[in-house]
Each structure stands twice: as C-alpha cells, then as structure tokens.
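The values are calculated or read from the model by the stated rules, or taken from the named source; none is laboratory data. The model shown is predicted, which means the values in this text are computed figures rather than measured ones. Heavy atoms of the whole protein, side chains included, go into the accessibility calculation; ligands, DNA and RNA do not. Shrake-Rupley method; radii C 1.70, N 1.55, O 1.52, S 1.80 Å.
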Amino acid sequence: MHALSRGFLTAGALFTLFLAAACSSTDSGNAVAADTTTASSTSAAATTTDDVSGQEGIDAGGSTDIDVEIGQCVRLGGTMTAATIENAECGSMESNYKVIAKAEQNEQCPTDVNQTYYETLDGVEQGALCLDVDWVVDGCMSVPTGGIDEPARVDCSDPSATDVEQVTEIKTGTADPNDCPEDGFAYDARQFVVCTTTIS
C-alpha cells in the first residue's frame, strides 16, 4: 500500500506583499497533504475518478482567490513557503489534483483527501479546497516519496521519470489495497482504492 504524507505550503509571496501594502493585512495560501494513501498516473482520454462517490463532495463555504468548482482540476506546486495553484484541465499533463469539496477551514475536508489548499487573511482561514490526486486509468503519475514534492503527471514511457505509478483500476466499496492485483492507494473514509503498477 502506498501513502502520501502531510505537508504545509504557503502561497504567493508577491501577492502577500501587495495585499499588505494595499490593506495592511496578509493573505497566504497553504497546501496541506492529508494523511491518506493514494498515488498514480494518468492519460488525458482515459477513465477518471468522476464516478467515484465521495469525489463529489459539498461546497461548505469559504473563499479562495482561485476560481475553481468541485470536479474541476488544478496544478498545485511551489514550496513550503510559497505555494502556487492554477486552473488545469482534468487529465491533462498540467493537472495534478481534482477539487472534490470546498470548506471554510481545511479541517472540514474529508480525512482521506490527498491535499488541502487553504488561504488565510491576518492568520484566519478564509476558505479551503479539498483535493485528491487527479487519477486517470492507464495514465501515469510521478508520486515522490517523503511528501516534499507534489505528484506530477508523466508520460508512462518517459525513461527519465522517477517514482512512476500507472493506474490500472479504481475500485469502489473497498479501501483495501489487497483487492488490487499489485498495489494500491487507499481512501479509507470514502471507501475506494486506486490500483497501480509501479513503472519506475
């Protein structure tokens, strides 16, 4: 069984400086990787997790600067002190996460999401995006271990790619990686598992 670890990222240093000068406040975004197990890969025209119950959560309020809806995807990156987030087409090479719910605070996201991106104003959370890896059956995702880097979609035949997992199937009604032929990333709270094969 694979797992992605939890981490924190702070977004937009230039944006923060602009707001501090304009209204004497600070605004920052944070990405918080949830304690879950999931990884994998992707191919633009392949099957995705669109039909997985639990991947269409609710909009429980809150506000972030990025205009994105539940079911849409983003590219999340950056560092621990300067997160970046932008809209991306689901299943594309740019996309690494899917928005599965929205909340006022990151703790309100499902406990098994892969990542939580949230923004603060003067230290108070303004809104959070609950994110799962944008899995696509037959596609490949580089899933770095150690929680330092974000997952990235890669070409399955790229010899330079590392930590590559290819999604073989997405099973619902179970979170047991032993139900997969080789390995899997389990979502315990929402009861599904992403089955994968390690490419490199």
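How large a share of the accessible area of the range 125-200, in percent, is made up of carbon and sulfur atoms when the probe is 1.4 Å and the other protein chains stay in place? Provide the component values of the computation, followed by the final result.
Details: 1350 of 3080 Å².
In the range 125-200, the share of accessible area belonging to carbon and sulfur is 44 percent.
Over the Cα atoms of the range 85-200, what radius of gyration and what Dmax do you get, in Å?
In Å, with Rg to one decimal and Dmax whole: 15.0, 48.
Heads up, I need the accessible area for ASP158: 1.4 angstrom probe, whole protein in place, Å², nearest 10.
60 Å²
Report ³J(HN,Hα) in whole Hz for each residue of the range 112-119, in order, from the Karplus equation J = 6.51 cos²θ - 1.76 cosθ + 1.60 where θ = phi - 60°; Gly and Pro get x.
Karplus values, whole Hz, x for Gly and Pro: 10, 5, 6, 8, 10, 9, 9, 10.
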